[in-house]
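Participant: What follows is a structure written as structure tokens; I'll ask about it next.
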Amino acid sequence: MKALASWFHRRGWRELIIGIPYLWLTLFFLIPFLIVVAMSVATRTPTAPPFGYGGENPILNFEGYGRLFTETLYIRAFVTSLMNAAIATLFCLALGYPMALGLTRVSKSWRNILLMLVILPFWTSFLLRVYAWMGLMGRNSWFNSMLTDAWNFVVPQAYTLNSIPMMNTNFAVILVMVYTYLPFMILPLYANLERLDPVLDEAAMDLGSRPFQVFRDVTLPQSIPGIIAGGMLVFIPAAGELVIPSLVGNPSSPMIGRIISDEFAQVRDWPMASTVAVALLILMVGPTMLYARYQQKAESAGAEDKP
Amino acid sequence: MTRRPVFLITVMCFGFAFFYIPILSMIVYSFNESRLATVWGGFSTKWYVSLFSNRQVGAALWLSLKIALVSASIATILGAMAGITLARFRKFRGRTLFSGMVTAPLIMPEVITGISLLIFFTLLANWIGWPGQRGFTTITLAHITFSMVFVTTVVHSRMTQMDRSIEEAAMDLGSRPWQVLRDVTLPVISPALLSGWLLAFTISLDDVVISSFVTGPGATTLPLLIWSKVKLGVTPDINALATLIVALVGICVILAGWLMSRAERRRLAEQRLAYRTNG
């Protein structure tokens with residue numbers, strides 16, 4: 001007992017603090033992840049669990065990776081996912097940037113209220129935010145009929161519609177993605193823009209720049225780390241999204257998340273599901289590295305700012 | 001900036017309308033008499049009545065709360081340990097792997113976390129017979145794992161910002177390193193622990209994707225119940241449930257904001273008083 005106490009005082013407390021989360025993450029994150037990587041080169045078998053190595057099958061089976069490049073189902077899913085995620089990210093940026101900039105320009109009391117209003121949807125359920133749009137986009141909803149009326153007013157008679165088909169389209173997926181991920185864009189951008197020194201703006205104004213030139217030459221270049229951070233926080237989860245496309249998306253052009261889930265649960269092809277998962281992760285490595293680099297830069301810049 | 005930024009204000013108005021119109025519409029339609037969820041048929045509170053008489057909803061809510069409470073508490077302990085490790089223990093074997101393991105879950109798509117844990121639990125059950133049935137335990141373990149890294153991030157950033165001189169002072173006064181941690185560092189980072197716990201709690205309460213993979217027969221959390229109903233289309237009692245959740249969250253946020261601003265005012269007043277008595 002005494003030996004244990006002295007061990008704890010000397011180095012045990014430190015080893016426990018490092019060791020317990022280390023062990024936990026190894027067991028429940030690293031090992032499951034490595035199993036998926038190993039599963040991606042296994043062969044599908046009709047046994048339970050449905051996979052095997054060796055026997056009459058090759059020990060390492062790269063057939064799944066080949067199928068990724070030859071079967072249109074997978075190619076289309078990857079293209080759809082990346083396109084939807086990229087378009088959603090661009091719209092989030094187009095809407096989120098002016099909002100974040102606006103937040104830095106309003107008075108302090110307003111700013112706190114508006115920031116709270118940006119964060120508030122976060123605390124309500126994600127699923128219910130998607131659901132709210134299902135109500136709006138449906139054929140008979142007030143929102144759809146309002147848009148339909150506007151459409152019919154503008155276009156010639158030959159193109160009039162009874163309702164705008166919004167549900168179960170890629171448009172719906174992008175719209176709901178923008179809706180649910182917009183706070184992820186606004187918050188890092190706001191944090192970045194808020195730190196900028198207004199003196200620089202004033203100096204540029206004094207030197208005769210117009211407001212738009214100040215924005216283009218002073219504000220925008222300084223906010224690139226915020227744009228990258230916000231962009232990655234939207235793009236990465238959007239590319240792997242499962243809930244939004246399942247609820248409002250077009251079932252005939254599924255996204256990668258849906259493919260992984262279906263291969264696993266419906267087709268029961270664990271190796272193929274794992275292959276698609278690994279491929280998605282490989283695609284995510286590039287943007288993540290970019291994000292990490294800028295994040296590090298931003299952190300070291302932040303450290304220099306402090307006295 | 002003497003000119004009013006008209007463009008920015010316009011976009012902000014549009015943005016906030018975009019944020020809140022769907023939610024407001026959902027609230028209005030929760031009081032709709034008609035069964036057709038998108039057509040207005042007069043005022044009624046019958047969907048709230050049907051919601052409260054639904055046993056399933058109550059059971060799912062209770063399960064979700066239990067999972068969120070247990071997983072947030074364990075995740076806070078583990079996440080705090082990991083945060084302390086990253087912030088204070090500069091050198092130990094496997095540090096690179098460790099910092100990789102606390103970052104990767106943050107960016108891992110939920111679907112992949114879900115299937116990796118499901119495969120892991122299935123294989124484990126095959127090899128050692130545990131977990132015999134998926135449900136409360138497997139969901140809780142999964143939630144702990146992916147919410148602890150958020151706690152780690154919060155704790156880590158708080159610790160890198162904190163003034164280390166008080167820790168050094170305690171050290172100079174003869175405290176052992178672990179006593180410094182217990183008596184100085186932990187109290188200083190306790191607000192971060194609280195916000196980490198809240199974050200883990202809401203993440204757990206909100207999770208659909210990972211739960212849908214690692215759950216088993218009979219273990220339906222509230223998001224899973226909503227998910228299974230919403231997949232079939234828009235139903236009015238989900239509007240009522242959403243309204244209740246929004247109202248609850250709104251009240252909590254306003255209350256928290258009010259408490260925080262009151263504490264801030266009190267702190268400022270005490271500060272002024274202290275200056276006056278000292279000066």
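The values are calculated or read from the model by the stated rules, or taken from the named source; none is laboratory data. From a predicted model like this one, the values you see are computed outputs, not experimental measurements. Cβ sites come from the backbone with ideal geometry, for glycine too, and all protein chains shown count toward neighbours. When the accessible area is computed, the model is the full protein with side chains, heavy atoms only, and any ligands, DNA or RNA have been set aside. Shrake-Rupley method; radii C 1.70, N 1.55, O 1.52, S 1.80 Å.
Participant: Can you name the helices of chain B, as whole DSSP H runs, whose Cα span along the helix axis is 30 Å or more and whose Kyte-Doolittle mean is not below 0.0?
Facilitator: B:6-29, B:55-88, B:136-161, B:236-278
Participant: In peptide B:20-31, how many Cβ atoms from other protein chains are near each Cβ within 10 Å, on average?
Facilitator: Average per residue, whole number: 4.
Participant: Give the Kirkwood hydrodynamic radius (Å, one decimal) of segment A:139-188, defined as one over the mean of 1/r across all pairs of different Cα atoms.
Facilitator: 12.6 Å
Participant: Please work out the Kirkwood hydrodynamic radius for segment B:83-231, using every pair of different C-alpha atoms, and report it in angstroms with one decimal place.
Facilitator: One decimal place: 17.6 Å for the Kirkwood radius.
Participant: Carbon and sulfur together cover what percent of the accessible area of chain A at a 1.4 Å probe radius?
Facilitator: C and S fraction of accessible area: 67 percent.
Participant: Can you list the residues of segment B:78-115 whose accessible area drops by at least 50 Å² going from the chain on its own to the full set of protein chains, with a 1.4 Å probe?
Facilitator: B:78, B:81, B:89, B:98, B:101, B:107, B:108, B:109, B:111, B:112, B:115
Participant: Turning to a different aspect of this structure: Springs between alpha-carbon atoms under 10 Å, Gaussian network over chain B: tell me which of B:47, B:62, B:130 tops the mean-square fluctuations.
Facilitator: Taking springs between Cα atoms under 10 Å, the residue moving most is B:130.
Participant: Right, here's the next one. Only Lys, Arg, Asp and Glu count, each charged at its Cβ (+1, +1, -1, -1), so figure out the dipole size of the protein assembly as shown about its Cα centre, rounded to 20 debye.
Facilitator: 1180 debye
Participant: Now for a separate question. With viscosity set to 0.890 mPa s at 25 °C, what whole-number translational diffusion coefficient in µm²/s follows for segment B:51-170 from Stokes-Einstein and a Kirkwood radius over Cα pairs?
Facilitator: D, rounded to a whole number, is 147 µm²/s.
Participant: I've got another one for you. Give me the percent of Cα-Cα pairs in segment B:39-120 that sit more than 14 Å apart, rounded to a whole number.
Facilitator: Tail of the P(r) past 14 Å holds 79 percent of the pairs.
Participant: While we're looking at this one, here's another question. Please grab the % of Cα pairs in chain B that end up more than 31 Å from each other.
Facilitator: 49 percent
Participant: Rg/Rh for segment A:83-157 to two decimals, with Rh computed the Kirkwood way over all alpha-carbon pairs.
Facilitator: 1.09
Participant: To continue, here is another question. Among all the lysines, which ones have a C-alpha under 26 Å from residue A:2's C-alpha, if same-chain residues fewer than 8 places away are not counted?
Facilitator: Correct list for residue A:2: empty, as no lysines qualify.
Participant: Quickly rank B:211-224, A:195-208 as a protection proxy: mean count of other C-beta atoms within 10 Å, highest first.
Facilitator: B:211-224, A:195-208
Participant: Using the Kirkwood formula on the Cα atoms of segment A:72-305, what hydrodynamic radius do you get, in angstrom to one decimal?
Facilitator: Evaluated on segment A:72-305, it is 20.1 Å.
Participant: Name the residue from A:16, A:45, A:274 whose Cα lies farthest towards the positive end of the charge dipole of chain A, charges +1 on Cβ of Lys and Arg and -1 on Cβ of Asp and Glu.
Facilitator: Sorting the options by dipole projection puts first A:16.
Participant: If you build a Gaussian network model of chain A, linking Cα atoms that sit under 10 Å apart, which residue out of A:167, A:289, A:137 swings the most?
Facilitator: Checking each option, the largest mean-square fluctuation is seen for A:289.
Participant: Shifting gears a bit: Work out the charge dipole of segment B:55-234 with +1 on the Cβ of Lys and Arg and -1 on the Cβ of Asp and Glu about the Cα centre, then indicate which of B:108, B:202, B:152 is farthest towards its positive end.
Facilitator: Towards the positive end, the residue furthest out is B:108.
Participant: Could you pull the Rg and Dmax for segment A:14-61, using just the Cα atoms, both in Å?
Facilitator: According to the Cα coordinates of segment A:14-61, Rg and Dmax are 15.7, 50 Å.
Participant: For segment A:39-140, which chymotrypsin sites (Phe, Trp or Tyr not before Pro) pass both filters: DSSP loop (anything but H, G, I, E, B) and at most 12 other C-beta atoms within 10 Å?
Facilitator: In loop regions of segment A:39-140 (DSSP not H, G, I, E or B), the sparsely surrounded chymotrypsin sites (Phe, Trp or Tyr not before Pro) are A:62.
Participant: Continuing with the same structure: What is the ratio of the Cα radius of gyration of segment A:144-268 to 2.2 N^0.38 Å, with N the residue count, to two decimals?
Facilitator: Relative to the 2.2 N^0.38 Å estimate, segment A:144-268 comes out at 1.56.
Participant: So for segment A:72-305, taking the charge dipole from beta-carbon charges (+1 Lys/Arg, -1 Asp/Glu), which of A:214, A:124, A:203 sits furthest toward the positive end?
Facilitator: A:124
Participant: In peptide A:28-41, how many Cβ atoms from other protein chains are near each Cβ within 10 Å, on average?
Facilitator: Rounded to a whole number, the mean comes out at 6.
Participant: Across chain B, how many lysine pairs separated by 8 or more positions, or lying on different chains, have Cα atoms within less than 27 Å?
Facilitator: Within chain B, the lysine pair count is 4.
Participant: Would you mind getting the accessible area per residue of segment A:1-51, heavy atoms of the protein chains only, 1.4 Å probe, in Å²?
Facilitator: 56 Å²
Participant: Here's another thing I want to ask about it. Largest first, please: the extent of the C-alpha atoms of segment B:4-73 along each principal axis, to the nearest Å.
Facilitator: Computed over segment B:4-73, the largest-to-smallest principal extents equal 53, 44, 14 Å.
Participant: Assigning unit charges at the beta carbon (Lys, Arg +1; Asp, Glu -1) and nothing else, what dipole magnitude in debye, to the nearest 20, does chain A show about its Cα centre?
Facilitator: Approximately 640 debye in magnitude.
Participant: OK, next. Starting from segment B:82-126, pick out the trypsin sites (Lys or Arg not before Pro) whose DSSP state is loop and whose Cβ has at most 15 other Cβ atoms within 10 Å.
Facilitator: B:90, B:91, B:93
Participant: Let me ask something else. Quick one: which of B:75-82, A:250-257 comes out on top by average Cβ neighbours within 10 Å, and what's the full order, highest first?
Facilitator: Ranked by mean Cβ neighbours within 10 Å, highest first: B:75-82, A:250-257.
Participant: Let me ask you something else. Within 10 Å of each Cβ of B:255-262, how many other protein chain Cβ atoms are there on average?
Facilitator: Counting other chains' Cβ atoms within 10 Å and averaging over B:255-262 gives 1.
Participant: Quick check: at a probe of 1.4 Å, how many percent of the accessible area of segment B:55-234 sits on carbon and sulfur atoms?
Facilitator: Its accessible area is 63 percent carbon and sulfur atoms.
Participant: So, in Å, what gap is there between the alpha-carbon centers of segment A:181-244 and segment B:22-64?
Facilitator: 40 Å
Participant: Within segment B:126-226, report the trypsin sites (Lys or Arg not before Pro) that DSSP leaves as loop and that have at most 16 other Cβ atoms within 10 Å.
Facilitator: Sites meeting the loop and neighbour criteria: B:164.
Participant: Semi-axes of the equivalent ellipsoid of the protein assembly as shown: what are they in whole Å, largest first, if each equals the square root of 5 times a C-alpha gyration tensor eigenvalue?
Facilitator: Working through the eigenvalues yields semi-axes of 38, 36, 26 Å.
Participant: While we're on this one: Tell me the total accessible area that A and B bury against each other, 1.4 angstrom probe, in square angstrom rounded to 100.
Facilitator: For chain A against chain B, roughly 7700 Å² becomes buried.
Participant: Show me the ranking of peptides A:228-237, A:180-189 by mean Cβ neighbours inside 10 Å, starting with the highest.
Facilitator: Averaged packing, sorted descending, gives the order A:180-189, A:228-237.
Participant: Any residues in segment B:166-193 that have 20 Å² or more less accessible area with all protein chains than in their chain alone, probe 1.4 Å, and which are they?
Facilitator: The answer is B:176, B:177, B:178, B:181 - residues whose exposure falls by at least 20 Å² when every protein chain is included.
Participant: For a distance above 22 Å, tell me the whole-number percent of Cα pairs in segment A:1-113 that qualify.
Facilitator: Cα-Cα pairs in segment A:1-113 separated by more than 22 Å: 70 percent.
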